[in-house]
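Every number in this text was worked out from the coordinates using simple rules, so none of it is lab data. Everything numeric here is computed off the predicted structure, so don't read it as measured data. Backbone-built Cβ (ideal geometry, glycine too); neighbour counts: all protein chains shown.
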Amino acid sequence: MTRSAPLPLRAPLLALLLGLFLAGPGFAQQQPPSKEEQYDQAFKIGLQLLTERKIDASIRAFVACVRLFPDRPVAYYNLACAYSLKKDEQKAVEFLRQSFEKGFQDLSHYQRDMDLDPVRRSPAFRKAFSEFEAKVLGGLEPALSHVPEGSKAPLLVYLHDMRDQPTKQLEDLRAAFPEWAILVPRGFKDPQRGVYYWDQRGEFVVTQRLRSFLREHPQVDASQAVVVGEGIAGPLAVQVAVHNPDIVGGVLAAGAGLEGAVEGDLSDTRAYLVVHDKDPRQVAGGIMARNAFAEAESSVVLERYMLDKPFSKDRALLLRGVGWLRGKRVTLPGAGEDHDL
């Protein structure tokens with residue numbers, strides 16, 4: 001089940017929803033609810049019913065969503081979850097395919113969602129997921145990497161920001177971390193502008209690239225892997241680290257939206273978060289993210305900085321953050337006692 005943008009309901013329930021909107025004194029003078037309002041209300045009801053495991057009623061609610069806005073993908077996804085819970089493999093996979101084709105392609109969410117567990121092992125689901133995976137990964141340029149000689153090298157995974165050049169990032173990181181293995185997954189490329197970007201598919205892509213890299217290079221120490229991201233890649237770095245604690249030891253993330261990435265079990269993830277000191281919304285989001293890690297009893301630092309893209313512009317900050325994540329003695333601004341890196 002997903003709560004991000006909704007989607008499918010049937011006429012009786014839709015009529016009931018309309019009645020709720022129009023009920024009360026003076027309803028004749030009120031404007032009838034818009035399609036958007038009907039959709040939002042039906043979607044919220046569908047989520048509540050699905051959470052309460054009132055599956056048939058939730059299906060009617062999401063079907064109404066689909067009838068209102070047939071091109072919105074998430075209600076199709078929730079229909080897939082509902083039919084999965086009914087153990088109706090055929091309809092679950094049918095709606096999952098529609099959700100994917102209409103644009104909800106967060107395959108990492110597909111993998112984590114327990115609502116899909118009843119059909120996950122079925123041949124139909126496996127076939128569909130393999131096709132989804134091929135479509136997401138197909139056409140992507142391979143990740144860039146460097147592995148130093150020797151064994152048990154720590155690993156730094158760098159997620160580029162929009163318009164960054166991954167090749168230059170790899171060169172700069174090799175100079176800054178000569179004894180580290182470096183992995184720079186490349187995102188999706190806009191053919192017209194020639195720039196790389198990340199979207200909802202990013203977590204799946206990065207996780208696949210990371211796990212493939214570790215399989216191919218067993219001499220790299222996965223327990224010491226650090227994921228770094230700034231700008232649009234900041235929240236992505238947090239997601240990858242939090243959802244893969246078996247292969248990621250910590251995350252160094254900067255930018256807006258960090259608070260939206262802190263979901264799930266945070267207790268096994270060390271986090272060094274950086275926000276722009278002059279951006280109140282970014283600071284507020286960073287505080288929310290820091291508090292979430294702290295409440296999970298994880299080790300966390302929140303640093304306010306005065307530049308956008310701080311890791312690209314200040315190697316000292318990058319070294320400090322990575323050093324802290326690995327348990328090294330570092331100087332933390334405003335922390336009182338100073339320690340050398």
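A few notes on this one:
- For residue 168, a cut-off of 19 angstrom between C-alpha atoms picks up these aspartates and glutamates, skipping any fewer than 8 places away in its own chain: 141, 179, 190, 230, 308, 314.
- Secondary-structure-derived ellipticity at 222 nm for the chain, considering helices only, amounts to -14500 deg cm²/dmol, per-run term -39500 (n - 2.57) for DSSP H runs with n ≥ 4.
- Charge dipole of the range 144-325 about the Cα centre (unit charges at C-beta), most positive-ward option of 324, 300, 156: 156
- Base-10 log of normalised Debye intensity for the range 11-137 (one unit scatterer per alpha-carbon) at q = 0.14, 0.15, 0.18, 0.20 Å⁻¹: -0.62, -0.69, -0.91, -1.07
- Debye-formula intensities of the range 144-325, expressed as log10 I(q)/I(0) at q = 0.17, 0.18 Å⁻¹, are -1.04, -1.18 (one equal scatterer per alpha-carbon, no solvent).
- Excluding same-chain neighbours fewer than eight residues apart, the aspartates and glutamates reachable from residue 127 by a Cα-Cα span under 20 Å are 88, 89, 94, 101, 106, 113, 115, 117.
- Over the chain: Rg over Rh, Cα atoms, Kirkwood Rh: 1.04
- Rounded FRET efficiency, nearest 0.05, which uses the C-beta distance separating residue 295 from residue 171 and R0 of 35 Å: 0.35
- P(r) weight above 13 Å for the range 233-278, C-alpha pairs, percent: 47 percent
- Where both bridge residues fall in the chain, DSSP classifies roughly 20% of the beta bridges as antiparallel.
- Cα gyration tensor shape of the range 30-95, rounded if a/c is under 1.5, else prolate or oblate by comparing a/b with b/c: oblate
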